[in-house]
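K.L.:
Dropping the structure in here first, questions after.
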Amino acid sequence: MEFEQIYKTYWDRIFRLCMGFVNDYDIAQDLAQETFIIVWQKLDTFRNESSIGTWIFRIASNNCLRQIERDKRFLKSDLPHHLTEEKQQSLEPQIQFLYKCIAELPETERIIISLELEDVRQAEIATIVGLSEANVRVKIHRIKEKLTQKFKENGQQ
């Protein structure tokens, strides 16, 4: 598969995966772009041991986890107080709330539910996160219950 076709096929899905991790539009854009830079650089090393999608989602997940680790090391309180963050409010409130709830989940659960929302097969999710398919099914069910409860508590539909 050519890089351009891979990019067109997976960009939206990878961006949404990144949004689920960081809940910040600009950082998610950067992470998705970094993911595709890595894909472009390493495409000739792809060994077809899994699907190309599984490989790309794994790269994106690792990239997002590295970003979270970097954020933990750099305290946001170190920023000058006079700077304000400009957030884009283009997403529907329910979708924004969903991203916020997903971002509050533990890392593995974030990966699992983000991939599930992208219609990645549960067998592929299991490969990406290193769990059994049965365990992934159980986790998806529990994560959905958690998110449903948060929506109920917040008065969302």
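K.L.:
Would you pick out the residues in the stretch 92-107 that are assigned to a helix (DSSP H, G or I), over 10 Å from GLY20 (Cβ atoms) and either open to solvent by less than 20 Å² (accessible area, probe 1.4 Å) or not charged (D, E, K, R) (or both)?
P.N.:
Correct list: PRO93, GLN94, ILE95, GLN96, PHE97.
K.L.:
To continue, here is another question. Within the stretch 11-45, work out how many residues are closer than 26 Å to GLU92 by Cα and of a type in the set (Ser, Thr, Tyr).
P.N.:
2
K.L.:
Return the residues of the stretch 43-72 that are within 21 Å of ILE125 (Cα to Cα), free of Cβ contacts under 8 Å to residues at least 40 places away in the same chain and of a type in the set (Lys, Arg); say none if nothing qualifies.
P.N.:
ARG47, ARG66
K.L.:
Further question on the same structure: Hey, any hits in the stretch 106-129 for a residue that's at pLDDT below 85 and among the polar types (S, T, N, Q)?
P.N.:
The answer is no; no qualifying residue exists.
K.L.:
Name the residues in the stretch 108-142 that are open to solvent by 60 Å² or more (accessible area, probe 1.4 Å) and of a type in the set (A, V, I, L, M), would you?
P.N.:
Listed by number, the residues that qualify are LEU117, VAL138.
The values are calculated or read from the model by the stated rules, or taken from the named source; none is laboratory data. Only a predicted model underlies this, so the values are computations on that prediction, with no experimental measurement involved. We place every Cβ from the backbone using ideal geometry, glycine too, and count neighbours over all the protein chains shown. Accessible surface is based on the protein model in full, side chains and every heavy atom, while ligands, DNA and RNA are left aside. Shrake-Rupley method; radii C 1.70, N 1.55, O 1.52, S 1.80 Å.
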